[in-house]
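Peer 1: Input: one structure, supplied below.
The values are calculated or read from the model by the stated rules, or taken from the named source; none is laboratory data. Since the structure is predicted, the reported quantities are computational estimates derived from the model, not experimental observations. Cβ coordinates were reconstructed from backbone atoms using ideal geometry, including for glycine residues, and neighbour counts include every protein chain displayed.
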Amino acid sequence: MKRILVADDEDVLRMLITDTLEDEGYELVEAADGAEALSLIEKQSFDLVILDYMMPEYTGIEVAEQLSDEWKQQTPLVMLTAKTQEDDIQKSKDVGIRYFMAKPFSPIELIQMVEEILT
Amino acid sequence: MKNYEKYQQLFLKNISKRLAGWHKQDAIEEKDIYQLLHTIKGTAASIGLDDLSNEAESMMGSIRPEATDPWDEEAWSELFQPILLNFDFGDGDLIDHGFSSSASQPLQEQPTILILEDDLDFLHYFRENMESYGYNVLMATTEERALTLFYDEKPDLFIIDYYLQGKNGLHIVGEIGTQANSILTPIIVISADHSKELARRVYETTAIDFIPKPIDFEMMNAIIRNRLLHVYSLKKQITTDKLTKTYNRTYLYELLDRKKKSYKRKPEPFCLAILDLDDFKQVNDTYGHVVGDQVLRNLSEVLHTKTRPEDVVVRYGGEEFIVVMPNIHKELAQVRLQEVLGHFKQVTHASDNDSFTLSFTTGIAEMNADIKKMEDLIVQADTALYQGKRSGKGVVVNYEDGLELNEILQMEKLVHISIVDDDQTIREMLQDRLSELSFYDSNARVETYEDGESFLEETHTTKYKHVVLLDGILPGKDGLDVLDDLREKDQDAIVIMLTGRQQGDDIIRALDLGADDYMTKPFSMDELVARIRRIVRRHKGGRKG
């Protein structure tokens, strides 16, 4: 079973993502801020990591910055951003993030993106 | 299409919590507002609250993301006015929607049949016969009267004569057919005309049966019973939680709607209790969802067998159950639910290679004349539940008047721990261990300082319980001087001095200066943790003073 880490301080959105992807048969692990996400990444391996752009402790960008290039080669990162934030996307690309999900998104969009990345 | 209701409710609750937090502060910073609006904008639209998202987006136009300008409550509540309407728990769309969509008729011992028939002789003959089979019969001779009775009395079944003063009865079937379908009211058409053509036209409508006159009442009764049983089993499916076989929210709202009406007519006491399994998340995390589901079924079984037959058990959400208890005051309800809790705590839950026991926490609210909306009763019970969780779980708490949820949420806030020590090893060791401590479901927040000056510079908000672990000997300003300075500006912080064995005099001075406790180095971590827990408990109800 593919393991996905979702890091978002907004627990409702995190829950929605978890429930949606668990229904699709993925195994989900949750982190409520950037620091928790980092410590989970250190200890466990994931097939995909979903990061929210704006988080306390470490932002999504700061989390990505602290990950090695080698790790980022192996594990795809998805950044959740606000639709209008063009420079968020540029900043994310600069730290090696390849996938983006603009908020708001529908569960279907999320599932499609995850499937595309993981197959 | 996903059902977003649970996310929406939780989300609105979270926003309310955030605003309740602001309410306790003199002023907040502009960037805090920006962040909240940003969150609302992004999340609301993902869970089907598009209007709220749009509203937040338009509000963001005038707010600067980095600004630290203070906003007082008057200012921010004015800004939030348009959307405050959206997340008032009492007036919220969500609950209202829940109540109004459950227009279906309660399951009754004595089913009510509405008949539309303009032949008075037949009407009385019909009523006499049907009443003898135990039905309650409502009679209408005109379409207008029938519609009024249909909408007001919500009959379980509707019988229409095809021929009405020359007009045809299928007209009214068309008019109410969809409505009747959606609330599961079967329509039967009767007629003196037996023609195949008429029968076909009847079955092309939403009517469920076509029965020729003269009526054979034995047969009529069999047909009606058959149709009603079918409807009841459908209704049961719609109102049953599949996992635990308890009722679900759909039924709860229907039940509370009825309860409210009957209380208005005749104010007999009843209580509503919300039960929430303690540490259920840990069960799922440790043993997996299969075991978690079994735990929910175990709780459901205890609730069914150990409550009174007239009590109604509802799965309210995840690991939350509601028990509606008729004819009982809250004091007795509390005793009864404590008994139920006692039974449940003895139940052993099994996983593949382990077994464990659990408890639940309960909040109870009793109906009274001041409660206008049933959601308020749920909120009161929920408030008591929060209080129970805060006071250590595994308890049954009655709602007390004047208890505000906001105050309780405020009290359950984080515990902050400041470590002031010049020894880096000790700082790190303490931080690692204490960061794992949790109080009332939230982790302690730990800050470290290498000397007294940097600690004193930091302003600590007075909202949290603040525990200070203060080394007696520090470079620069000495530990005792730091304590002295701290006490001048903050009487409430809980101070534990860390001292060497030989420093008896210092201990006495520290206590004189207002230290709450002391530990002599070297100390055991477990002892320190135990002391912190004890001392935090002792200072319960927020800050002393």
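Peer 1: Scan the stretch A:92-99 and give yes if some residue there is touching a residue at least 12 places away in the same chain (Cβ under 8 Å) and within 14 Å of chain B (Cβ to nearest Cβ), otherwise no.
Peer 2: no
Peer 1: Check the stretch B:226-234 and report whether any residue there is touching a helix residue (DSSP H, G or I) at 6+ places or on another chain (Cβ under 9 Å) and surrounded by 15 or more Cβ atoms within 10 Å (Cβ to Cβ). If you could, list the steps in order and put the result at the bottom.
Peer 2: Let us first name the residues in the stretch B:226-234 that are touching a helix residue (DSSP H, G or I) at 6+ places or on another chain (Cβ under 9 Å), namely none.
No, the stretch B:226-234 contains no residue that is touching a helix residue (DSSP H, G or I) at 6+ places or on another chain (Cβ under 9 Å) and surrounded by 15 or more Cβ atoms within 10 Å (Cβ to Cβ).
Peer 1: Here are some conditions: (1) more than 10 Å from the chain's Cα centre (by Cα); (2) under 30 Å from B:Q9 (Cβ atoms). A:Q44 meets all but one. Which one does it not meet?
Peer 2: The failed condition is (2).
Peer 1: Counting only residues that are under 23 Å from B:L252 (Cβ atoms), over 20 Å from the mean Cα position of the chain (by Cα) and not in a loop (DSSP other than H, G, I, E, B), how many does the stretch B:344-380 have?
Peer 2: Total meeting the criteria: 1.
Peer 1: Also, I was wondering about something else. For the stretch B:250-271, how many residues are surrounded by 18 or more Cβ atoms within 10 Å (Cβ to Cβ) and in contact with an Asp or Glu (Cβ under 8 Å, 6 or more places away or on another chain)?
Peer 2: 2
Peer 1: Against the definition (within 13 Å of another protein chain (Cβ to nearest Cβ), small (G, A, S) and within 13 Å of the chain's Cα centre (by Cα)), how does A:A102 come out, yes or no? Steps first, please.
Peer 2: Numbers: within 13 Å of another protein chain (Cβ to nearest Cβ): yes; small (G, A, S): yes; within 13 Å of the chain's Cα centre (by Cα): yes.
So A:A102 passes the test.
Peer 1: Which residues, taken from the stretch B:313-334, are over 17 Å from B:L385 (Cβ atoms) and either surrounded by 17 or more Cβ atoms within 10 Å (Cβ to Cβ) or not assigned by TED's automatic domain parsing to the domain that holds B:Q282 (or both)? I'd like the intermediate steps shown before the answer.
Peer 2: Residues of the stretch B:313-334 that are over 17 Å from B:L385 (Cβ atoms), as a first pass: B:326-329, B:331-332.
Within the stretch B:313-334, B:I328 is the sole residue that qualifies.
Peer 1: Any residue that is more than 20 Å from B:I40 (Cα to Cα), under 13 Å from the mean Cα position of the chain (by Cα) and within 11 Å of chain B (Cβ to nearest Cβ) - is there at least one of those in the stretch A:3-24?
Peer 2: no
Peer 1: Among the residues of the stretch B:2-26, which ones are away from chain A (no Cβ under 13 Å) and either under 14 Å from B:A44 (Cβ atoms) or not aromatic (F, W, Y) (or both)?
Peer 2: Result: B:L19, B:A20, B:G21, B:H23, B:K24, B:Q25, B:D26.
Peer 1: Then there is this: Sort out which residues of the stretch B:196-237 are closer than 27 Å to B:E175 by Cβ and polar (S, T, N, Q), and write them in order of number.
Peer 2: B:T205, B:T206, B:N226
Peer 1: A further question follows. Being out of contact with any helix residue (DSSP H, G or I) (no Cβ under 7 Å at 6 or more places or on another chain) and at pLDDT 85 or above is the filter here; which residues of the stretch B:19-34 pass it?
Peer 2: Those that are out of contact with any helix residue (DSSP H, G or I) (no Cβ under 7 Å at 6 or more places or on another chain) and at pLDDT 85 or above: B:E29, B:E30, B:K31, B:D32.
Peer 1: In the stretch B:38-57, which residues are of a type in the set (A, V, I, L, M) and at the interface with another protein chain (Cβ under 7 Å from one of its Cβ atoms)?
Peer 2: The initial filter retains those residues of the stretch B:38-57 that are of a type in the set (A, V, I, L, M), namely B:40, B:44-45, B:47, B:49, B:52, B:56.
The answer is B:A45, B:I47.
Peer 1: Now a separate question. Write out, first by first residue and then by second, each pair whose Cβ atoms fall under 6 Å of each other, whose residues are 6+ apart or on separate chains, and whose first residue, in the stretch B:352-366, is in contact (Cβ under 8 Å) with a residue 40 or more places away in the chain while the second is part of a strand (DSSP E or B) and of a type in the set (G, A, S).
Peer 2: B:T362/B:A273; B:I364/B:A273
Peer 1: Still on this model: Within the stretch A:19-30, count every residue that is modelled with pLDDT under 90 and crowded, with 16+ Cβ neighbours inside 10 Å.
Peer 2: Residues that pass the stated criteria total 1.
Peer 1: Right, next: Kindly indicate the residue of the stretch A:75-91 that is more than 14 Å from chain B (Cβ to nearest Cβ) and either touching a residue at least 40 places away in the same chain (Cβ under 8 Å) or over 11 Å from the mean Cα position of the chain (by Cα) (or both) and also farthest from A:A37 (Cα to Cα) among those meeting that condition.
Peer 2: A:E86
Peer 1: Among the numbered criteria (1) outside any strand (DSSP E or B); (2) modelled with pLDDT of 85 or more, which one does B:K236 miss?
Peer 2: Checking B:K236 against (1) outside any strand (DSSP E or B); (2) modelled with pLDDT of 85 or more, the one that fails is (2).
Peer 1: Something else now. Could you tell me how many of the residues in the stretch A:48-60 are within 11 Å of the chain's Cα centre (by Cα) and either over 18 Å from A:F100 (Cβ atoms) or more than 12 Å from chain B (Cβ to nearest Cβ) (or both)?
Peer 2: 5
Peer 1: I'd like to know if the stretch B:481-494 contains one or more residues that are over 39 Å from the mean Cα position of the chain (by Cα) and at pLDDT below 75.
Peer 2: Checked against the condition, which is being over 39 Å from the mean Cα position of the chain (by Cα) and at pLDDT below 75, the stretch B:481-494 yields no hits at all.
Peer 1: Of everything in the stretch A:25-47, what is within 12 Å of chain B (Cβ to nearest Cβ) and in contact with a helix residue (DSSP H, G or I) (Cβ under 8 Å, 6 or more places away or on another chain)? Give them in sequence order.
Peer 2: A:L28, A:V29, A:E30, A:A32
Peer 1: Which condition breaks for B:K306 when tested against (1) in contact with a His (Cβ under 6 Å, 6 or more places away or on another chain); (2) touching a residue at least 40 places away in the same chain (Cβ under 8 Å)?
Peer 2: Against the list (1) in contact with a His (Cβ under 6 Å, 6 or more places away or on another chain); (2) touching a residue at least 40 places away in the same chain (Cβ under 8 Å), B:K306 comes up short only on (2).
Peer 1: Right, next: Quick one: is B:T286 outside the structural domain of B:V335 (by TED's automatic domain parsing) and in contact with a Phe, Trp or Tyr (Cβ under 9 Å, 6 or more places away or on another chain)?
Peer 2: no
Peer 1: With the structure loaded, tell me whether B:R427 is closer than 26 Å to B:R487 by Cα, assigned by TED's automatic domain parsing to the domain that holds B:L470, modelled with pLDDT of 85 or more and basic (K, R) or whether it fails that test.
Peer 2: Working: closer than 26 Å to B:R487 by Cα: yes; assigned by TED's automatic domain parsing to the domain that holds B:L470: yes; modelled with pLDDT of 85 or more: yes; basic (K, R): yes.
Answer is yes for this residue.
Peer 1: In this structure, is B:E55 under 20 Å from B:K24 (Cβ atoms) and acidic (D, E)?
Peer 2: Criteria not met by B:E55.
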